[in-house]
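J.: Here it is, the structure, as structure tokens.
Every number here is computed from the coordinates shown, using simple stated rules; none is lab data. Computed from a predicted structure; not experimentally measured. Note that each Cβ is placed from the backbone with ideal geometry, even for glycine, and that neighbours are counted across all protein chains shown.
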Amino acid sequence: MENTAQDLRVDGTRLWDSLMEMAAIGATPAGGCNRQALTDEDKQGRDLFLRWCRDIGCEVRIDRMGNIFARRAGTDGAMPPVITGSHLDTQPTGGKFDGVYGVLAGLEVLRTLEDKGIKTTAPLEVVVWTNEEGARFSPAMIGSGVWAGEFSLEYGHSRADKGGATIGGELERIGYLGDEPAEPKPITAAFEAHIEQGPILEKQDQLIGVVTGVQGIRWYDVTFRGTPCHAGPTPMADRRDPVQALAWLCERLYSEVKAYSDDARMTCGDLRAEPGSRNTVPEKVVLALDLRHPQPEGLEHLHRTLYRLAEQVEEATGASIDVREEWHSPPVVFDESCIEAVNSAVERLGYSHRKMVSGAGHDSVYVSRVAPVSMIFVPCAGGLSHNEAESAEPDHLEAGCNVLLHAMLSRAGV
Ligand code: HGY
Ligand code: MN
Ligand code: MN
Ligand code: MN
């Protein structure tokens, strides 16, 4: 029998069961999840989450970007809420835990308090942020980005997927275009639980990552243009081949990124050739490029390297190049008092832990613009994520949720 709030623990089995029920929505044959932002599958996931929140008496608000705020009243309704949450949307070949864990860990905290009849002083809110992944609509984290004032609502609604569907139109279509303004309210503190999506915790046999910040991200659309011509009769020397230009740039950029620092990251996640016919040299090739580094000067170095190499492409290959920056999310350092709230919760619970910077972007990046924030990481198998084989241990997920519970209580008061 618990006699103090300190003795509270979440129900790991209930958390796991909810994760598996949510994972069934958009489940892929290979065991992952395809619940891309604002698709019918995302709607089903949102509907299920809302049902669970209403089952425990939460008041639910939805804003103009489709961000969902599920609120559990506190004894002092005037006190700004302590919030948690993450995202329900997934990559096309995503896993069962990226984002979803943070949303359902937040729900488990509310469920646990409800079970025990414990009222916090400050209200608590679990948030579902729209389009965190940036897979269907670019850029990533746009729901929290509009809410925090990084992007205008018009920009947010205008973002279109490859088929031309817009965020605004899709929010309307699935019934999640809320009427609450997508703008921040005062917040006491914010915490987000997430799988690490990298190998560090598992390799170092640590159970919890106390996240001190998030590395910087820059996205670019790089367009290479050449002359479409016949694959057969055209001699190689007579071609302006955009694929050759792309290969020229990527070979040099990959080696410079690797040589610069072990922390530097370069990803070419999406490539498109037009007209896209095997026996025609393309007119153009578009590369979706993602560069990352934990320090501002490091990210700036990668940015300059890209542009320096781009200037040499035409001379070297005959094809032209255009680099357009799509998104810039500078490195973020989280709030000391929230980091300390997580760290002391972990130490009280006796879990192994280490401080670390997040390699992945999260909605907490934009929440940190308007509120004190920290994050809680748990290991995932092989550090694998954005992969259908993504997996995590039930007891690790439970431990991370216990840390979330106690970090939130430490700021909400009981
Ligand atoms: O790109 C990211 O780091 C995140 O998955 N949106
Ligand atoms: Mn995520
Ligand atoms: Mn992700
Ligand atoms: Mn410690």
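J.: Along the range 154-160, what does the Karplus equation 6.51 cos²θ - 1.76 cosθ + 1.60 (θ = phi - 60°) give for ³J(HN,Hα), rounded to whole Hz, x for Gly and Pro?
T.: 4, 4, x, 5, 7, 4, 10
J.: Okay, next question. Starting with the highest mean, order 193-199, 351-357 by the number of other Cβ atoms within 10 Å, averaged over the residues of each peptide.
T.: Values: 193-199: 24.1, 351-357: 16.4.
Ranking the peptides 193-199, 351-357 by packing returns 193-199, 351-357.
J.: Specify which residue in the list LEU113, GLY85, VAL403 is farthest towards the positive end of the charge dipole of the chain, using unit charges on the beta carbon of Lys, Arg (+1) and Asp, Glu (-1), about the Cα centre.
T.: Of the listed residues, the answer is GLY85.
J.: Can you compute 3J(HN,Hα) from phi for each residue in the range 126-138, using the Karplus curve 6.51 cos²θ - 1.76 cosθ + 1.60 with θ = phi - 60°, rounded to whole Hz and x for Gly and Pro?
T.: Coupling constants for the range 126-138: 9, 10, 10, 8, 7, 6, 5, 5, x, 7, 7, 10, 9 Hz.
J.: Grab every C-alpha pair in the range 216-329, bin the distances at 5 angstrom width from 0 up to the longest one, and report whole percents.
T.: 2, 12, 23, 22, 17, 11, 7, 4, 2, 0
J.: Read phi for every residue in the range 139-153 and hand back ³J(HN,Hα) as whole Hz from Karplus 6.51 cos²θ - 1.76 cosθ + 1.60, θ = phi - 60°, with x for Gly and Pro.
T.: x, 6, 6, 7, x, 6, x, 5, 4, 7, x, 6, 10, 6, 4
J.: Just to be sure I understand: if I project the alpha-carbon convex hull of the chain onto a plane and average over all orientations, what area do I get in nm²? Write down the numbers at each step before the final one.
T.: Details: hull surface 82.1 nm².
Orientation-averaged projected area of the Cα hull: 20.5 nm².
J.: Suppose we keep just the DSSP beta bridges with both residues in the chain; what percent of those would be antiparallel, to 5? Write out the running numbers ahead of the final one.
T.: Values: 46 of 66 bridges.
Antiparallel bridges make up about 70 percent of those DSSP assigns within the chain.
J.: Also: Enumerate the amide H contacts of THR28 below 5 Å, restricted to partners 5 or more residues apart or on another chain; note that Pro and chain-start residues carry no placed amide H.
T.: HN-HN under 5 Å from THR28: CYS33, ASN34.
J.: With +1 assigned to the C-beta of every Lys and Arg and -1 to the C-beta of every Asp and Glu, and no other charges, what is the dipole magnitude of the chain about the Cα centre in debye, to the nearest 20?
T.: On the way: 40 positive and 62 negative charges, 48 e Å.
In debye, rounded to 20, the chain gives about 220.
J.: Ranked highest first by average number of other Cβ atoms within 10 Å, how do 387-395, 320-328 line up?
T.: Details: 387-395: 17.4, 320-328: 15.2.
Highest-to-lowest ranking by the protection proxy: 387-395, 320-328.
J.: When the dipole is taken about the Cα centre of the range 155-284, and only Lys, Arg (+1) and Asp, Glu (-1) are charged at their Cβ, what size is it in debye, to the nearest 20? Can you show the working numbers first?
T.: Details: 15 positive and 20 negative charges, 129 e Å.
Dipole magnitude for the range 155-284 comes out near 620 debye.
J.: For a quick protection proxy, order the peptides 201-210, 34-43, 174-183, 130-139 by their average other-Cβ count within 10 Å, most packed first.
T.: On the way: 201-210: 19.3, 34-43: 21.9, 174-183: 15.8, 130-139: 24.5.
Highest to lowest by the protection proxy: 130-139, 34-43, 201-210, 174-183.
J.: In addition: Report, in deg cm²/dmol and to the nearest 500, the calculated mean residue ellipticity at 222 nm for the chain, where each DSSP H run with n ≥ 4 adds -39500 (n - 2.57) and the sum is divided by the residue count.
T.: On the way: 12 runs with 146 residues, N = 414.
So the calculated ellipticity at 222 nm is -11000 deg cm²/dmol.
J.: When the distances between all Cα atoms of the range 67-214 are binned every 10 Å from zero, what whole-number percent does each bin get?
T.: 10, 35, 34, 18, 3
J.: Another one. Non-local amide H neighbours of HIS353 (under 5 Å, H modeled in plane, Pro and chain starts lacking H): which ones?
T.: So HIS353 has HN proximity to LEU207, ILE208.
J.: Taking the Cα centre of the range 331-414 as origin, sum charge times position over the Cβ atoms of Lys and Arg (+1) and Asp and Glu (-1), and report the length of that vector in debye to the nearest 20. Walk me through the intermediate numbers first.
T.: Working: 5 positive and 10 negative charges, 61 e Å.
Dipole about the Cα centre, nearest 20: 300 debye.
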